[in-house]
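Nothing in this text is a laboratory measurement; each read-out follows from the coordinates by a stated rule. Here the structure is a predicted model, which means the values were calculated and not measured. We place every Cβ from the backbone using ideal geometry, glycine too, and count neighbours over all the protein chains shown.
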Amino acid sequence: MRLGNQQKKKGPSVKRALGSPAALNLMYLPVVILFILFLVYPFIKGVQFSFTNWDGYSQTYKCIGLRNYRRMFTDHDMLTVIRNTIIYGCGSTLFQNTFGLLFAMLLRKSSRLNAFARTLIYLPAIVSSLIMGYIWYFILELNGGALNDVILLFNGKAVNALANPNASVWILTGINSFQFVGVSMIIYLAGLKNIPHEYMEAAAIDGASPAQTFRTVTLPMLAPSITVAVVLNLIGGLKLYDVIIALTGGGPGYATCSLSTMMYQLYFGREDAGLATALGVLMFVMITLITVVALTALRRKELANED
């Protein structure tokens, strides 16, 4: 009893101490310091270097104004890189969400076979993107690739799938989508589990066809899952790097480069850190704008469905 009384006496004082604004601010302080040191400060320095001719190593550099930014939007290779980045981001988002939702609808029922199929579809997502790129390289390469070995076995002509720049961009997009479609599938499976069964029964009683039920019940109820999946896919696709490095290295030339791979080549290959940081700023702005616009539009759709 005495011990219990002591705990009761200490409880309110401890609660008041932790609940005071000063104590809460002190608890936030370490996180704020780390955020400033490792995110805010590097970003500010990166913006600063984007206006210079810094080579990435020298202690001396000078301000060159907007020259790096003019180069980004006038150089043909840079415009190709920006276009590729948009294709990687938007294309991956389209493929991953379309097939992720399709797989989720097909495998929504609980069974051993469906559980095995879900595992197979999700399995590539746990593999390193660089390793995934090398696996597909050994499948698609011209000399000794598994695909061409099968074609030659049937007296066909070997296909250099990665030599065509336009086709390579979409091949890379498809490989990235293949690897992470399982993530979208899991998100949609979770969303489907949260749809009340009564809604489906009501649609069936009203005589709605499966297509009508999907359009009027399932899709609106999946709006939060669509928002999460689309935003994650956009961010992942717009910063695509590993698969490109493993399969094409950004080539031929800069035909399959993304902003991420181009930054690497500029910084370490051409020692043009000023332009590389300018591309980094552009990638930050592009990802932020595209994701914010997509998130805002999807959130409005969610609210409209709730009304």
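The table below lists the values:
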{"quantity": "Alpha carbon centroid spacing (whole Å) that separates segment 198-264 from segment 93-143", "calculated": "13 Å"}
{"quantity": "Under the span-like rule (Cα at least 20 Å along the axis, Kyte-Doolittle mean at least 1.0), DSSP H helices of the chain", "calculated": "21-35, 165-193, 223-238, 273-306"}
{"quantity": "Equivalent ellipsoid semi-axes - Cα gyration tensor, segment 192-307, angstrom", "calculated": "44, 16, 9"}
{"quantity": "Under-5 Å amide H pairs with Thr52, H placed in peptide plane, nonlocal only", "calculated": "Ile64"}
{"quantity": "Segment 150-209: Cα Rg divided by the 2.2 N^0.38 Å rule of thumb", "calculated": "2.07"}
{"quantity": "Segment 41-132 - convex hull of the alpha-carbon atoms, volume per residue in Å³", "calculated": "170 Å³"}
{"quantity": "Low-density loop cleavage sites - trypsin sites (Lys or Arg not before Pro) in segment 152-224, where at most 12 other Cβ are within 10 Å (DSSP)", "calculated": "Lys157"}
{"quantity": "Alpha-carbon spread of segment 63-200, three principal axes, descending order, Å", "calculated": "63, 52, 24"}
{"quantity": "In segment 44-86, chymotrypsin sites (Phe, Trp or Tyr not before Pro) in a DSSP loop with at most 13 other beta-carbon atoms within 10 Å", "calculated": "Tyr57"}
{"quantity": "Helix-derived mean residue ellipticity, 222 nm - over the chain, DSSP H n ≥ 4, -39500 (n - 2.57), to 500", "calculated": "-23000 deg cm²/dmol"}
{"quantity": "Pairwise Cα inverse-distance average, inverted: Kirkwood Rh of the chain (Å)", "calculated": "23.4 Å"}
